[in-house]
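**Student:** Once you've had a glance at the structure underneath, I'll fire off some questions.
The values are calculated or read from the model by the stated rules, or taken from the named source; none is laboratory data. Please read all numbers here as calculations on a predicted model, not as lab measurements. Using ideal geometry, Cβ is built from the backbone for each residue, glycine included, and neighbour counts are taken over all protein chains shown.
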Amino acid sequence: MLVRRQVLAMLGTTALATLAPAALFAATSIKPDDASALLVIDVQNCFLPGGSLAVKEGEQVVPVINKMAKAFANVVMTQDWHTPGHVSFASVHAGKKPFETVDLPYGKQVLWPDHCVQGTDGAALSKDLSIPHAELIIRKGFHKDVDSYSAFLEADGKTSTGLAGYLRGRKIKRVFVAGLATDFCVAWTALDARKAGFEVYVVEDACRGIDTQGSLAKAWADMAKAGVKRIQSGDIAASA
Ligand SMILES: [Zn+2]
(Lines give C-alpha, C1' and ligand atoms only; values in the text may rest on other atoms or scores of the structure.)
Protein backbone atom coordinates (compact mmCIF):
# COMPACT_ATOMS: atom_id res chain seq x y z
CA MET A 1 0.00 0.00 0.00
CA LEU A 2 2.81 2.31 0.87
CA VAL A 3 4.35 1.80 -2.55
CA ARG A 4 1.05 2.54 -4.28
CA ARG A 5 0.61 5.75 -2.31
CA GLN A 6 4.12 6.86 -3.20
CA VAL A 7 3.48 6.22 -6.86
CA LEU A 8 0.25 8.22 -6.75
CA ALA A 9 2.03 11.07 -5.03
CA MET A 10 4.71 11.06 -7.68
CA LEU A 11 2.11 11.07 -10.44
CA GLY A 12 0.45 14.03 -8.79
CA THR A 13 3.71 15.96 -8.77
CA THR A 14 4.40 15.11 -12.40
CA ALA A 15 0.94 16.25 -13.48
CA LEU A 16 1.41 19.57 -11.70
CA ALA A 17 4.86 20.04 -13.16
CA THR A 18 3.60 19.57 -16.72
CA LEU A 19 0.56 21.78 -16.22
CA ALA A 20 2.32 24.77 -14.74
CA PRO A 21 4.54 25.81 -17.70
CA ALA A 22 1.66 25.32 -20.15
CA ALA A 23 -0.60 27.60 -18.14
CA LEU A 24 2.20 30.11 -17.83
CA PHE A 25 2.90 30.03 -21.58
CA ALA A 26 -0.76 30.57 -22.52
CA ALA A 27 -0.81 33.75 -20.47
CA THR A 28 2.36 35.12 -22.09
CA SER A 29 2.33 36.74 -25.48
CA ILE A 30 5.40 37.34 -27.57
CA LYS A 31 6.44 40.96 -27.90
CA PRO A 32 8.59 41.68 -30.97
CA ASP A 33 11.54 43.90 -30.05
CA ASP A 34 14.13 45.81 -32.06
CA ALA A 35 16.04 42.57 -32.60
CA SER A 36 12.98 40.95 -34.22
CA ALA A 37 11.98 41.01 -37.88
CA LEU A 38 8.89 39.82 -39.68
CA LEU A 39 9.65 38.10 -43.00
CA VAL A 40 6.66 38.26 -45.37
CA ILE A 41 7.25 35.57 -47.97
CA ASP A 42 5.99 35.81 -51.57
CA VAL A 43 2.56 37.40 -51.12
CA GLN A 44 2.39 37.91 -54.89
CA ASN A 45 -0.43 37.83 -57.41
CA CYS A 46 0.69 34.52 -58.99
CA PHE A 47 0.24 32.78 -55.63
CA LEU A 48 -3.18 34.34 -54.91
CA PRO A 49 -6.60 33.36 -56.32
CA GLY A 50 -6.61 33.92 -60.07
CA GLY A 51 -2.82 33.54 -60.24
CA SER A 52 -0.99 30.87 -62.25
CA LEU A 53 0.19 29.05 -59.10
CA ALA A 54 -2.61 30.00 -56.72
CA VAL A 55 -2.28 28.68 -53.17
CA LYS A 56 -5.63 27.62 -51.74
CA GLU A 57 -6.99 30.34 -49.42
CA GLY A 58 -3.81 32.32 -50.05
CA GLU A 59 -5.68 35.62 -49.86
CA GLN A 60 -6.63 34.86 -46.27
CA VAL A 61 -3.08 35.51 -45.07
CA VAL A 62 -3.16 39.15 -46.17
CA PRO A 63 -5.32 40.69 -43.39
CA VAL A 64 -3.56 38.53 -40.79
CA ILE A 65 -0.13 39.70 -41.99
CA ASN A 66 -1.22 43.36 -42.24
CA LYS A 67 -2.43 43.31 -38.65
CA MET A 68 0.59 41.43 -37.30
CA ALA A 69 3.07 43.67 -39.15
CA LYS A 70 1.97 46.63 -37.01
CA ALA A 71 3.68 44.97 -34.04
CA PHE A 72 7.04 44.85 -35.84
CA ALA A 73 9.53 47.69 -36.21
CA ASN A 74 11.37 45.60 -38.82
CA VAL A 75 9.64 43.98 -41.79
CA VAL A 76 11.27 42.36 -44.82
CA MET A 77 9.21 41.16 -47.78
CA THR A 78 10.28 38.71 -50.47
CA GLN A 79 9.37 38.39 -54.12
CA ASP A 80 9.82 35.27 -56.21
CA TRP A 81 11.40 36.82 -59.31
CA HIS A 82 12.06 34.45 -62.20
CA THR A 83 13.48 34.93 -65.66
CA PRO A 84 11.26 33.90 -68.58
CA GLY A 85 11.93 30.21 -69.27
CA HIS A 86 13.15 29.62 -65.71
CA VAL A 87 14.43 26.11 -64.88
CA SER A 88 11.63 25.62 -62.31
CA PHE A 89 8.93 25.93 -64.99
CA ALA A 90 7.47 22.65 -66.28
CA SER A 91 7.03 24.36 -69.66
CA VAL A 92 10.80 24.27 -70.34
CA HIS A 93 11.17 20.52 -69.72
CA ALA A 94 9.90 18.45 -72.66
CA GLY A 95 7.18 16.00 -71.66
CA LYS A 96 6.94 17.26 -68.07
CA LYS A 97 3.87 18.58 -66.30
CA PRO A 98 3.58 20.91 -63.30
CA PHE A 99 4.12 19.20 -59.92
CA GLU A 100 6.29 16.47 -61.50
CA THR A 101 9.99 16.52 -60.63
CA VAL A 102 13.27 16.59 -62.54
CA ASP A 103 16.83 15.95 -61.41
CA LEU A 104 18.96 19.06 -61.76
CA PRO A 105 22.67 19.43 -60.94
CA TYR A 106 21.73 20.70 -57.44
CA GLY A 107 19.13 18.00 -56.73
CA LYS A 108 15.48 17.21 -57.22
CA GLN A 109 13.37 20.09 -58.46
CA VAL A 110 9.58 20.23 -58.35
CA LEU A 111 8.26 21.72 -61.58
CA TRP A 112 5.71 24.51 -61.48
CA PRO A 113 3.43 26.34 -63.88
CA ASP A 114 5.15 29.49 -65.20
CA HIS A 115 4.90 32.04 -62.37
CA CYS A 116 6.36 35.29 -61.03
CA VAL A 117 8.18 36.31 -64.19
CA GLN A 118 10.24 39.46 -63.61
CA GLY A 119 8.31 42.66 -64.21
CA THR A 120 4.93 41.02 -64.82
CA ASP A 121 1.75 41.77 -62.92
CA GLY A 122 1.80 38.19 -61.60
CA ALA A 123 5.11 38.89 -59.89
CA ALA A 124 3.83 42.04 -58.19
CA LEU A 125 3.19 42.02 -54.45
CA SER A 126 -0.51 41.90 -53.55
CA LYS A 127 -2.03 45.37 -53.68
CA ASP A 128 -3.93 44.44 -50.50
CA LEU A 129 -0.75 44.24 -48.45
CA SER A 130 -0.56 47.28 -46.24
CA ILE A 131 2.93 47.41 -44.74
CA PRO A 132 4.30 50.82 -45.69
CA HIS A 133 7.05 50.55 -43.06
CA ALA A 134 8.61 47.42 -44.66
CA GLU A 135 12.33 48.15 -44.96
CA LEU A 136 13.53 45.72 -47.60
CA ILE A 137 12.09 43.73 -50.48
CA ILE A 138 14.39 40.88 -51.38
CA ARG A 139 14.02 39.19 -54.75
CA LYS A 140 14.96 35.56 -55.24
CA GLY A 141 15.01 32.92 -57.95
CA PHE A 142 16.43 35.35 -60.52
CA HIS A 143 19.19 33.03 -61.72
CA LYS A 144 17.73 31.22 -64.72
CA ASP A 145 19.17 27.79 -63.86
CA VAL A 146 18.64 27.77 -60.08
CA ASP A 147 15.41 27.99 -58.09
CA SER A 148 15.24 29.68 -54.70
CA TYR A 149 12.40 28.83 -52.35
CA SER A 150 14.42 30.13 -49.44
CA ALA A 151 14.89 33.83 -48.83
CA PHE A 152 18.42 33.05 -47.56
CA LEU A 153 19.99 30.49 -49.92
CA GLU A 154 19.27 29.46 -53.48
CA ALA A 155 18.31 25.83 -54.13
CA ASP A 156 21.95 24.90 -54.82
CA GLY A 157 22.35 25.27 -51.05
CA LYS A 158 25.31 27.64 -51.32
CA THR A 159 24.47 30.83 -53.23
CA SER A 160 23.45 33.46 -50.69
CA THR A 161 20.73 36.03 -51.32
CA GLY A 162 22.47 38.34 -48.84
CA LEU A 163 19.55 38.31 -46.41
CA ALA A 164 21.46 36.75 -43.49
CA GLY A 165 24.13 39.45 -43.79
CA TYR A 166 21.51 42.18 -43.94
CA LEU A 167 19.73 40.90 -40.85
CA ARG A 168 22.99 40.51 -38.92
CA GLY A 169 24.01 43.99 -39.99
CA ARG A 170 20.73 45.26 -38.57
CA LYS A 171 21.39 43.30 -35.33
CA ILE A 172 18.32 41.12 -35.85
CA LYS A 173 18.38 37.92 -33.81
CA ARG A 174 14.82 36.66 -34.13
CA VAL A 175 12.72 36.18 -37.28
CA PHE A 176 9.01 35.53 -37.64
CA VAL A 177 8.02 33.98 -40.97
CA ALA A 178 4.63 34.33 -42.67
CA GLY A 179 3.29 34.11 -46.22
CA LEU A 180 3.15 31.62 -49.08
CA ALA A 181 3.54 28.77 -49.29
CA THR A 182 4.02 27.06 -45.91
CA ASP A 183 5.57 23.89 -47.32
CA PHE A 184 7.95 25.52 -49.80
CA CYS A 185 9.18 29.10 -49.53
CA VAL A 186 8.10 29.61 -45.91
CA ALA A 187 9.56 26.29 -44.69
CA TRP A 188 12.82 26.59 -46.63
CA THR A 189 13.25 30.15 -45.37
CA ALA A 190 12.59 29.08 -41.78
CA LEU A 191 15.03 26.15 -42.01
CA ASP A 192 17.78 28.29 -43.52
CA ALA A 193 17.18 30.97 -40.91
CA ARG A 194 17.82 28.34 -38.22
CA LYS A 195 21.00 27.23 -40.02
CA ALA A 196 22.11 30.87 -40.10
CA GLY A 197 21.70 31.01 -36.32
CA PHE A 198 18.47 32.98 -35.93
CA GLU A 199 15.69 32.18 -33.49
CA VAL A 200 12.77 31.31 -35.76
CA TYR A 201 9.01 31.40 -35.41
CA VAL A 202 6.56 30.41 -38.16
CA VAL A 203 3.14 32.00 -37.76
CA GLU A 204 0.82 29.22 -38.87
CA ASP A 205 -2.41 31.16 -39.47
CA ALA A 206 -0.45 33.76 -41.48
CA CYS A 207 0.63 31.05 -43.97
CA ARG A 208 -1.08 28.69 -46.39
CA GLY A 209 0.39 25.58 -48.00
CA ILE A 210 0.38 23.92 -51.42
CA ASP A 211 0.55 20.35 -50.02
CA THR A 212 1.67 18.20 -52.92
CA GLN A 213 2.64 14.58 -52.12
CA GLY A 214 2.67 15.04 -48.37
CA SER A 215 4.83 18.16 -48.54
CA LEU A 216 2.95 20.08 -45.82
CA ALA A 217 3.27 17.45 -43.07
CA LYS A 218 6.91 16.89 -44.01
CA ALA A 219 7.64 20.62 -43.85
CA TRP A 220 6.18 20.96 -40.34
CA ALA A 221 8.10 17.87 -39.19
CA ASP A 222 11.38 19.19 -40.64
CA MET A 223 10.80 22.60 -39.05
CA ALA A 224 9.99 21.10 -35.63
CA LYS A 225 13.17 19.00 -35.81
CA ALA A 226 15.22 22.09 -36.64
CA GLY A 227 13.87 23.97 -33.63
CA VAL A 228 11.50 26.28 -35.50
CA LYS A 229 8.72 27.44 -33.19
CA ARG A 230 5.17 27.08 -34.52
CA ILE A 231 2.91 29.87 -33.26
CA GLN A 232 -0.35 31.65 -34.16
CA SER A 233 -0.71 35.35 -34.89
CA GLY A 234 -2.72 35.71 -31.69
CA ASP A 235 0.39 34.73 -29.70
CA ILE A 236 2.05 37.99 -30.75
CA ALA A 237 1.31 41.04 -28.64
CA ALA A 238 -0.43 43.76 -30.62
CA SER A 239 1.44 47.03 -31.03
CA ALA A 240 0.86 49.66 -28.36
ZN1 LIG B 1 9.14 30.26 -58.00
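**Student:** If GLN109 passes every condition in (1) free of Cβ contacts under 8 Å to residues at least 12 places away in the same chain; (2) within 16 Å of the ligand (Cβ to nearest atom) but one, which one does it miss?
**Tutor:** Status for GLN109: all satisfied but (1).
**Student:** May I ask you to list the residues in the range 71-114 that are within 30 Å of ALA238 (Cα to Cα) and assigned to a loop (DSSP other than H, G, I, E, B)?
**Tutor:** Result: ALA71, PHE72, ALA73, ASN74.
**Student:** Go through the range 118-145 residue by residue and tally those that are away from the ligand (no atom under 11 Å from the Cβ) and over 13 Å from VAL43 (Cα atoms).
**Tutor:** 11
**Student:** Could you figure out which of (1) without any contact (Cβ under 8 Å) to a residue 60 or more places away in the chain; (2) touching a Phe, Trp or Tyr at 6+ places or on another chain (Cβ under 9 Å) isn't true of THR83?
**Tutor:** Just one mismatch for THR83, condition (1).
**Student:** Ok, one more. Taking the range 203-219, which residues are at pLDDT 95 or above and either in contact with a His (Cβ under 9 Å, 6 or more places away or on another chain) or within 22 Å of TRP112 (Cα to Cα) (or both)?
**Tutor:** CYS207, ARG208, GLY209, LEU216, ALA217, LYS218, ALA219, listed by residue number.
**Student:** For the range 68-88, give me each residue that is surrounded by fewer than 17 Cβ atoms within 10 Å (Cβ to Cβ) and either within 22 Å of the chain's Cα centre (by Cα) or farther than 22 Å from CYS46 by Cα (or both).
**Tutor:** Answer for the range 68-88, where residues must be surrounded by fewer than 17 Cβ atoms within 10 Å (Cβ to Cβ) and either within 22 Å of the chain's Cα centre (by Cα) or farther than 22 Å from CYS46 by Cα (or both): LYS70, ALA73.
**Student:** Tally time: how many residues in the range 89-117 are under 20 Å from the mean Cα position of the chain (by Cα) and either under 16 Å from ASP42 (Cα atoms) or not assigned by TED's automatic domain parsing to the domain that holds LYS158 (or both)?
**Tutor:** Total meeting the criteria: 3.
**Student:** Of all residues in the range 52-87, count the ones that are over 25 Å from ARG174 (Cβ atoms) and within 15 Å of the ligand (Cβ to nearest atom).
**Tutor:** Going through the range 52-87 one residue at a time, the tally reaches 12.
**Student:** Same structure, new question: Could you tell me whether VAL200 is surrounded by 20 or more Cβ atoms within 10 Å (Cβ to Cβ), within 14 Å of the chain's Cα centre (by Cα) and farther than 29 Å from GLN118 by Cβ? Before you say what the answer is, go through the steps one by one.
**Tutor:** Numbers: surrounded by 20 or more Cβ atoms within 10 Å (Cβ to Cβ): yes; within 14 Å of the chain's Cα centre (by Cα): yes; farther than 29 Å from GLN118 by Cβ: no.
No.
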